[in-house]
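Report on one structure; see the data block that follows.
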Amino acid sequence: MSFMRLTILASALLTSLVGTAQAQTTLRIGIAEDPDILDPSIGRTYVGRIVFSAFCDKLFDIDEKLNIVPQLALSHETSADGKEMTIKLRPGVKFHDGEPLDAEAAKFSLERHMTLPTSFRKSELASVDHVEVVDPLTIKLVLKTPYSPLIAQLTDRSGMMVSPKAAKEAGDKFGLHPVCAGPYKFVERVQQDRMVFEKFADYWNKDNVHIDRVVFQPIIDSTVRLANLKSGALDLIERVLATDIKDVRADPKLVLSTAPELGYQGLTINIGNDKAKGPLSQSAKVRQALSLSIDREAINQVVFNGEFTPGNQWVSPTHPYYQKAFPIPGRDIAKAKALLKEAGVSLPVTVDYMVPKGTEYEAVAQVVQSMAAEAGFDIKIRAVEFATTFKQSQAGEFQVFQINWSGRIDPDGNSYIFMRSKAPQNDGGYSNPEADKLLEEGRATSNVEERKAIYGKLTKILLDDLPIIYIYHRTLLIAHTKKLEGYRQMPDGLVRVVGLKFK
């Protein structure tokens, strides 16, 4: 009897454990690369922003129509002279370590973004002179000069709040075990394999969090990502190939969500840090020749089945700040050859062309290589693991770096950090005093027509200098199982996990 009773108890316990395991829900998301460091002050990758959205809330967020909406903050008010912004914080918010998110903590996070030696947020908050604590739930940002993109910056990594206690204790190792104030808390990361997060019981909006765990799995091969989604090994994938759109739409078990992206795909030219001092870095005419050798619409048709939007500026042709006076140039091999002759360079012009590993990235590079060869360029494609491309670009170890920028809701976010002299993401070392002046002027006014005029002057300079050759603007393509409900596609391409549930 005793043995039988033990057997029954063991069986009941096993059944209970199985039931518990089945009850726990896990959202498995396939991402196109392994992110860089999971520290909002230091991170600079698009895929990192996707992961951050699950565990690191911001002061503000955006909705589907690019309206700025409250998140960790409830409201903001800017002074008449544009030099002070007062922000009211949401009460009762806790970090994942149980510490309160109050005005002192918000001040700490913003100052960390502004002063950490390795921070990429410095230029985004460069106009902030200091942060004041007004009361336990109110902060005031005092600016050196009016800065119209400030509120937009606070909808992204500059607005992410980190636990002061955890950040002080971890120091430069904070990104290995980040502590924020989002819906999920960090559990573990295995490089190139997975990032695991579990539901945070004290999240301020916990009633809208319906899934227990979120697991991000980096899978570089788009075809493998889609196969995993179809087999049920993944629940959602980002960056579906444009050539797979019909396949996804034809699958009754899948849903495809789309939106025009805010960013661009471009070729960053190493102008100021090119150790080889090649013709591309030394002559604007050579860069113009490379640009003229590229047929942007042909790339769109050949690589993307015509689903994307050709472009030549840091915002797309449909964007309110697009400068229509500078339309997309057609391919002109004769003019490209003439420019190379005027530049007095020896042919072929050899170019080291770094591209992240990935089907579409490499396909674009191969088409550019073929097109440019007709003008007199010998492009040497170097496909490099995604995170490594950023290390090499910061070290100046490239002549051309083909890379996506996911985009920001304010045009300043697509330009300043890449074009301003010595800006943190100006990997090509571009420097033009007149461009610097216009970039600062674009930040100082909130008048749309004034800003358009300023950016019009800036566009002329940048299209002459060509520190970046813009090629196209993607359509965001995210697919998920029909079992997943509540997914909303945002223009920034990030995956919001709050509100998602399984049928």
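The values are calculated or read from the model by the stated rules, or taken from the named source; none is laboratory data. Because the structure is a prediction, the values reported are computed rather than measured. Reconstructed Cβ throughout: ideal geometry from the backbone, glycine too, with neighbour counts over all protein chains shown. The protein model used for the area step is the full one, side chains on, heavy atoms only, and it has no ligands, DNA or RNA in it. Shrake-Rupley method; radii C 1.70, N 1.55, O 1.52, S 1.80 Å.
Observations on the model:
- Percent carbon-and-sulfur accessible area, the chain, ignoring ligands, DNA and RNA, probe 1.4 Å: 54
- Look at the alpha carbon pairs under 8 Å that are at least 6 residues apart: their mean separation over the length of the chain gives a relative contact order of 20 percent.
- Each principal axis of the Cα atoms in region 55-126 has its own extent, and those three values, largest first, are 36, 30, 24 angstrom.
- For region 75-179: rounded, prolate or oblate by the Cα gyration tensor [a/c cutoff 1.5]: oblate
- Per residue, the chain reaches -9500 deg cm²/dmol at 222 nm when only DSSP H runs of four or more residues are counted, each adding -39500 (n - 2.57).
- Normalised per residue, the accessible area of the chain is 41 Å², obtained with a 1.4 Å probe and no contribution from ligands, DNA or RNA.
- Label-point separation, Phe502 to Ala201 (7 Å along Cα→Cβ), nm: 2.2
- What the Cα convex hull of region 237-334 gives, in volume per residue, is 146 Å³.
- Calculated diffusion of region 99-258, Stokes-Einstein form, Kirkwood radius summed over Cα pairs, 37 °C and 0.692 mPa s, µm²/s: 175
- Relative protection proxy for 476-486, 41-51, 187-197, from highest mean packing down: 41-51, 476-486, 187-197 (other beta-carbon atoms within 10 angstrom).
- The C-alpha atoms of the chain define a longest principal axis, and helix 448-465 lies at about 60 degrees to it.
- Protection proxy ranking, peptides 74-81, 319-326, 308-315, average beta carbon neighbours within 10 Å, highest first: 308-315, 319-326, 74-81
- Overall, the ratio between the Cα radius of gyration of region 165-273 and 2.2 N^0.38 Å, rounded to two decimals, is 1.41.
- Amide proton proximity set for Arg382, modelled H, under 5 Å, gap of 5+: Tyr353, Met354, Val355
- Highest to lowest packing among 209-218, 62-71, 377-386, scored as the average C-beta count within 10 Å: 209-218, 377-386, 62-71
- Cα gyration tensor shape of region 121-196, rounded if a/c is under 1.5, else prolate or oblate by comparing a/b with b/c: prolate
- Compared with the dominant Cα axis of the chain, that is its longest principal axis, helix 46-55 is turned about 20°.
- The alpha carbon gyration tensor of the chain gives principal lengths a ≥ b ≥ c with a/c of 1.5 or higher and a/b no greater than b/c, which makes the shape oblate.
- Pairs exceeding a 22 Å alpha-carbon distance, out of Lys94/Lys199; Lys173/Lys206; Lys144/Lys168; Lys88/Lys501; Lys65/Lys503; Lys337/Lys357: Lys173/Lys206; Lys144/Lys168; Lys88/Lys501; Lys65/Lys503; Lys337/Lys357.
- Rounded tilt (10° steps) of 222-231 against the dominant C-alpha axis of the chain: 30
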